[in-house]
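Here is the structure we will look at, set down as structure tokens.
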Amino acid sequence: PMTIEWNFIGEGAQVFDPHRSIFLKPEMVRIGDRSRLDGDIEIEGGRGVHIRAGVHISSFVHLNIGGGELWIGDYVAVASGARILTGTNTPDGQSMSSVAPGEMQVVKRSQVIVEIYAFIGAGATVLPGVTIGRYAVVGAGAVVTKDVPPYAIMAGVPARQIGDRREREGWHWGD
């Protein structure tokens, strides 16, 4: 049986099929109470991954690509196939290959924040340095290149705002 040495795993948190997933630097990963990580995911610990309470990470998600720092707030959902990047090789280096000698690369790492109650749709990509505001929705396949305001509904490549959750019929959630 595989043993994963997490930094912290909260009460009631579930990690399904860990033997079918990839965890790089799990000692840099914190998983909050009642969170659920499905099988077939990849999490790169990098400078830190902080998954708060009640978060659902669906199958085939890849988190913290590039090894920066990722914060995921309470009750966030990340749908199947989504990717969150926190770092990348830049064109300022001689090579952009991650296996090239370090002196040939210029790597930029940053922080991504996904605030409480946000949703990231299937196949969406969030680029480094972005904040997804509370209650925001990122549609399936969207590519988020800049900060997303709270409550915004985003879609497209690059993602643009197409709505606001507060305008939905029956909106009654508070701040």
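The values are calculated or read from the model by the stated rules, or taken from the named source; none is laboratory data. Everything quoted here is computed from the prediction, not taken from an experiment. Cβ: placed from backbone, ideal geometry, glycine included. Neighbour counts: every protein chain shown. Keep in mind that these areas ignore ligands, DNA and RNA; they rest on the heavy atoms of the full protein, side chains included. Shrake-Rupley method; radii C 1.70, N 1.55, O 1.52, S 1.80 Å.
When the stretch 106-131 is filtered for residues that are without any contact (Cβ under 8 Å) to a residue 24 or more places away in the chain, open to solvent by 50 Å² or more (accessible area, probe 1.4 Å) and not in a strand (DSSP E or B), only V106 remains. Which condition number in (1) in contact (Cβ under 8 Å) with a residue 24 or more places away in the chain; (2) assigned to a loop (DSSP other than H, G, I, E, B); (3) not polar (S, T, N, Q) is the one that R30 fails? Here R30 meets the rest and fails (2).
Would you confirm whether or not the stretch 85-96 contains a residue that is under 19 Å from V49 (Cβ atoms) and within 10 Å of the chain's Cα centre (by Cα)? Within the stretch 85-96 (the criterion being under 19 Å from V49 (Cβ atoms) and within 10 Å of the chain's Cα centre (by Cα)), the answer is yes, since at least one residue qualifies. Of the strands (runs of 3 or more DSSP E) contained entirely in the stretch 47-105, those carrying at least 2 residues that are open to solvent by 20 Å² or more (accessible area, probe 1.4 Å) fall at 62-65, 69-72, 83-85, 87-89. There is at least one residue in the stretch 134-146 that is hydroxyl-bearing (S, T, Y), part of a loop (DSSP other than H, G, I, E, B) and either surrounded by fewer than 19 Cβ atoms within 10 Å (Cβ to Cβ) or without any contact (Cβ under 8 Å) to a residue 24 or more places away in the chain (or both).
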